[in-house]
Every structure is written in structure tokens, then in C-alpha cells.
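Working notes for the structure below.
The values are calculated or read from the model by the stated rules, or taken from the named source; none is laboratory data. As the structure is a computational prediction, the values presented were derived from the model and not from experiment. Positions of Cβ are generated from backbone atoms using ideal geometry, with glycine treated the same way; all protein chains shown enter the neighbour counts. All accessible areas refer to the heavy atoms of the entire protein, side chains included, with ligands and DNA or RNA removed. Shrake-Rupley method; radii C 1.70, N 1.55, O 1.52, S 1.80 Å.
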Amino acid sequence: MLLSLPSASTFSGDIDGLVVLVTLLTGGWFIATQVMFFWLLWRFRAGASPKSQYITGKEPHLKRWINIPHTLILICDVVIIVAAVRVWVKVKQTLPPPDDTVRVVGQQWTWTFQHSGADGTLDTADDVWTSDTLHVAQGKTYHFLLESKDVLHSFFVPVFRLKQDAIPGRTITGWFQATKTGTYDILCAEICGIGHGIMGGRIIIDTPEQHASWVQQHSTMADAAAASTDTTAAASAGASN
Ligand SMILES: [Cu+2]
């Protein structure tokens, strides 16, 4: 909706809703104060009101000019805080049970993704590693394990309205569920060195069937590669004996 950027996760609409809410409330007050300001300039211009008065501002009918807008703005603040906390709890505080897990590693200046492979379990021999391209299935809940090898990065998927800092030495767990298929941008949203601007990637969201066949195909290759490494290791172990 915003700037015609597609909305492709279960929580992207909630984030957009917050942006619209804050824009309407602050925009409404901005217009109201500007109208008031220019009206006062015109109403009390030198020609129409040449004599200035001394006022203390303590009279009730003058204090209302402060108290009423003040109260209304506080009510708007509470509305924004309640809406923001509800979205925060949904997006960041709640971790729905995953259908699949993916590891996302940032480094100067690339993203590496570790997919769980055909067995659906991360850190096994059939895992599929890719550079700069993340493959996920539409409609499945993913946990991501976000890490950094060097400096601060920030994993940013605009169509998901997802942005999470990656911190060296920590593994940060988050989640998303894609609602649309397609190929979209992944960016780094934390200045992380001279190559920060080119630290982009792609997320490919397939239907569960397409994704399963991609995983099957690459998982087998991973399995074969792991097996050949084992054979080589066994052979060299044999040679050394
Ligand atoms: Cu970066």
C-alpha cells in the first residue's frame, strides 16, 4: 500500500497501519497548528489590531487554549502507544511455532543463508547453503537465526516490513510468514563499511510445492557433496594409517 511497495508478510499490514495512524494523527495536528498560526498572523496584523495588551495567560478562557489541545494530544499519544505496543508484541515478542528454520549470516558484504534441507532440520548434512538468495515457501512460518561474522548489520526485507539488527557474537531469533510468491529485495539497513550499499540480496518466495522441489534438488546435491567429503576424509584417514 505504502509507495506501492508490495505487502508480503502476515504482519506487514500491521506495520503499515501504524505508519498510516501516526501520519494521520501528526499530519492532522500539523495542519491544525499551521491554520491557527496563519489565522493569528492575519487576525492580529498591525493594521487590524494596533494596540498590544498585557495578558498573564492565567484567565480560564485563555488557559483553555493550552489545556484543550494538550489533553487531545495526550489522548492521541496514548492511542499511538497502545497501537504500537500491540504490533510490537505480535511481531517481536511473540514467536509462533515454526514450520521451518533458516540461518541468516551477515558479513562484510554479503548475506549467507542456511536452509534446512529435505529433512526439515537445520544443521544436518543435507542443509542447503546459498549466498545472497534466500528461498522460502509461501504460507509457512519461518524462524530465522540471525548472526553476524564481523560488524553490526541489519537484515531488512522491505516487503515483509521486517528489519532486525545482526550483532556479532549473538544469535537473534525472529520469525516471518510470507503471504505472496515472487522475488523481492533483501537489504542491509546498518552502515557496515564501504560495501554497505551493495550488500543486497533476494528473497524468492515459492509455493510450498515449488519450494519443496527446489529443496529436494539442492538437498540431494548437498547430501552428495557431504558424502564425497566423507569418502575423501575416509580415504585420507585410510592412507595415513
Ligand atoms: Cu551490512
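Just a few scattered comments:
- 3J(HN,Hα) along segment 108-123: 6, 9, 8, 10, 10, 10, 10, 8, 6, x, 5, 7, x, 10, 6, 6 Hz, from the Karplus curve 6.51 cos²θ - 1.76 cosθ + 1.60 with θ = phi - 60°, whole Hz, x for Gly and Pro.
- Prolate/oblate/rounded call for segment 100-238, Cα gyration tensor, a/c under 1.5 rounded: oblate
- Qualifying trypsin sites (Lys or Arg not before Pro) in segment 31-82, where qualification requires a DSSP coil assignment and no more than 15 other C-beta atoms within 10 Å, comprise Arg45, Lys51, Lys58.
- Phi angles across segment 124-130 convert, under the Karplus curve 6.51 cos²θ - 1.76 cosθ + 1.60 with θ = phi - 60°, into 3J(HN,Hα) values of 10, 4, 8, 4, 10, 9, 9 Hz, Gly and Pro given as x.
- The chain: equivalent-ellipsoid semi-axes (sqrt of 5 x gyration tensor eigenvalues, Cα, Å): 56, 18, 16
- A cut-off under 15 angstrom between Cβ atoms defines the neighbours of Leu18, and their net charge, with Lys, Arg +1 and Asp, Glu -1, is +2.
- Normalising the average separation of contacting C-alpha pairs (under 8 angstrom, six or more residues apart) by the number of residues puts the relative contact order of the chain at 20 percent.
- Length available on full extension from Leu95 to Ser131: 0.36 nm per residue minus the Cα-Cα distance, which gives 10.4 nm.
- Cleavage-rule hits, trypsin sites (Lys or Arg not before Pro), segment 122-200, DSSP coil, Cβ neighbours within 10 Å at most 11: Arg170
- Taking other residues whose beta carbon is less than 10 angstrom from the beta carbon of Arg202, and scoring Lys, Arg as +1 and Asp, Glu as -1, yields -2.
- Measuring spread by the Cα atoms of segment 12-93 yields a radius of gyration and Dmax of 18.8, 60 Å.
- Vicinal HN-Hα couplings computed from phi for segment 189-206 (Karplus, 6.51 cos²θ - 1.76 cosθ + 1.60; Hz; Gly/Pro x): 10, 9, 4, 10, x, 4, x, 3, x, 9, 7, x, x, 10, 10, 9, 9, 10
- Longest DSSP-loop-exposure-free segment, chymotrypsin sites (Phe, Trp or Tyr not before Pro), the chain, at most 13 other Cβ within 10 Å: 55-241
- Considering only alpha-carbon pairs that sit under 8 angstrom and 6 or more positions apart, the relative contact order computed for segment 163-219 is 31 percent.
- His61/Asp14 FRET efficiency (R0 45 Å; Cβ-Cβ; nearest 0.05): 0.55
- Cβ-Cβ distance of Ile80 and Arg202, R₀ of 35 Å, FRET efficiency by 1/(1 + (r/R0)^6): the value works out to about 0.55.
- Accessible-area ranking of Ile198, Ile204, largest first, probe 1.4 Å: Ile198, Ile204
- Rg followed by Dmax, in Å, when segment 47-95 is reduced to its Cα trace: 20.4, 65
- Neighbours of Gln138 by Cβ distance under 15 Å: Lys/Arg scored +1, Asp/Glu scored -1, total -2.
- For segment 52-87 versus segment 115-149, the gap between their alpha-carbon centres in whole angstrom: 50 Å
- Segment 100-238 - percent relative contact order, Cα under 8 Å, separation 6 or more: 27 percent
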